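The values are calculated or read from the model by the stated rules, or taken from the named source; none is laboratory data. Everything quoted here is computed from the prediction, not taken from an experiment. With ideal geometry, Cβ positions are generated from the backbone for all residues, glycine too; neighbour counts draw on all protein chains shown.
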Amino acid sequence: MIPSWTLALYILAALWRGVSMLRLADLKIPSHTIRGQPVRLECHYDLEGEALYSVKWYKDQHEFFRFIVADNPPAQVVNLTGVNVDLPNSSDNTVTLKSVDLTGSGVYRCEVSGEAPTFQTVGESAQMIVVDLPDSGGPQIEGTRPRYGIGDTVRINCTSSRSRPAAKLAWFINADPVSQMLAEEALLRHFPVIIDDDGLETSILGLEFKVRHKHFKKGDLKMKCLATIANLYWRSNEESVEGDRPQKAPVLESRETFSPGKREASSSVGRTGQHPSNPTTLASLHHLTVTITTLCSLIVSSAFASDLR
């Protein structure tokens, strides 16, 4: 048989729970943070008339910080690998972590408990990933040629080196995402992520397509690779190549000059070894020849007459 005082306590607790309801108002845990930087974790609650007993923080179900109102001092640190608490800058609402490392990635949980007799507890969790950014300089494009002609095949790779997690890569052709193109227009080649001895990851994405007329914008073909990690990293690299320019066959030009009422080919004017083709000029030359022949005959006849005398 349950003692009357115990039953009364249960009834009182039930009534208390019905009147007041401890509530977790807001949990702020960044989804991603950069390695080596401090992190601020926030846990805001509404007591709804209850008295606060404690606030506790966990990483992957292991406690690393507690704030108990009745203790002196109320804020205390529980040592945990990968978590370095900045105690002077931590309280019941906020926990500040110093210079987070890759081991700091995990699921963080805040639990808030009310005072006796109910010790009502509410909690909420969120994941945080510590990011090691890629090497400086952005993604690297390899395999391009100085020029491409219509019908040539482009085979190139984009590499983003040594990060954690591996960067997500995307290709663009003249600012158009390759992921939205049909398979016959462009092909993406996904390579396995390379993990080095430090746990850092290198991602590689290949691109292959056959060059068409539409790929050349103002004579250039532009290929861009974009590397991203969450909302912390956004870098790209672009290469612009020229199309092959076909050589033109030599063309012989014939220029003509025009004057009012008359058209003459410039190739027939003033050139040595060519006869004038104007009919008027030919008639004048014929008349001049006849005149010279007549004069010569007269001179000869006159000289012969003088000798006879």
*asked:* Of everything in the stretch 122-143, what is at pLDDT 95 or above and not aliphatic (A, V, I, L, M)? Give them in sequence order.
replied: GLY123, GLU124, SER125, GLN127, ASP132, PRO139, GLN140, GLU142, GLY143
*Could you grab me the full set of residues in the stretch 192-207 that are touching a Ser or Thr at 6+ places or on another chain (Cβ under 8 Å), touching a residue at least 24 places away in the same chain (Cβ under 8 Å) and loosely packed, with under 15 Cβ neighbours inside 10 Å?*
VAL193, ASP196
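Please go through the stretch 22-38 and pick out each residue that is among the basic types (Lys, Arg) and either at pLDDT below 95 or within 7 Å of MET128 (Cα to Cα) (or both).
Within the stretch 22-38, the subset among the basic types (Lys, Arg) is 23, 28, 35.
The answer is ARG23, and nothing else.
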_Can you tell me which condition ALA166 does not meet? The list is (1) buried (at least 19 other Cβ atoms within 10 Å of the Cβ); (2) in contact (Cβ under 8 Å) with a residue 24 or more places away in the chain; (3) outside any loop (DSSP other than H, G, I, E, B), and all the others hold._
(3)
*Failed item in (1) more than 22 Å from the chain's Cα centre (by Cα); (2) surrounded by fewer than 17 Cβ atoms within 10 Å (Cβ to Cβ), with VAL130 passing the rest*: (2)
*Output the number of residues of the stretch 191-219 satisfying the condition of being in a strand (DSSP E or B) and either more than 29 Å from THR103 (Cβ to Cβ) or aromatic (Phe, Trp, Tyr) (or both).*
6
*Which one of these does LEU221 not meet: (1) surrounded by fewer than 16 Cβ atoms within 10 Å (Cβ to Cβ); (2) of a type outside the set (Asp, Glu); (3) within 19 Å of ARG145 (Cβ to Cβ); (4) touching a Gly at 6+ places or on another chain (Cβ under 9 Å)?*
(1)
*Is at least one residue of the stretch 172-187 buried (at least 19 other Cβ atoms within 10 Å of the Cβ) and not hydrophobic (A, V, I, L, M, F, W, C)?*
no
*Qualifying positions in the stretch 17-60 - surrounded by 15 or more Cβ atoms within 10 Å (Cβ to Cβ), β-branched (Val, Ile, Thr) and either farther than 13 Å from GLU111 by Cβ or out of contact with any strand residue (DSSP E or B) (no Cβ under 8 Å at 6 or more places or on another chain) (or both)*: ILE29, THR33, ILE34, VAL39
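Residues of the stretch 220-240 being in a strand (DSSP E or B), out of contact with any Phe, Trp or Tyr (no Cβ under 9 Å at 6 or more places or on another chain) and in contact (Cβ under 8 Å) with a residue 60 or more places away in the chain, which ones? Show your work before the answer.
Taking the stretch 220-240 and keeping what is in a strand (DSSP E or B), we get 220-229, 233-240.
Remaining after also requiring out of contact with any Phe, Trp or Tyr (no Cβ under 9 Å at 6 or more places or on another chain): 220, 229, 233-235, 237, 239-240.
Correct list: ILE229, TYR233, ARG235, ASN237, GLU239.
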_Checklist (1) touching a residue at least 60 places away in the same chain (Cβ under 8 Å); (2) in a strand (DSSP E or B) applied to GLU42, failing item_ = (1)
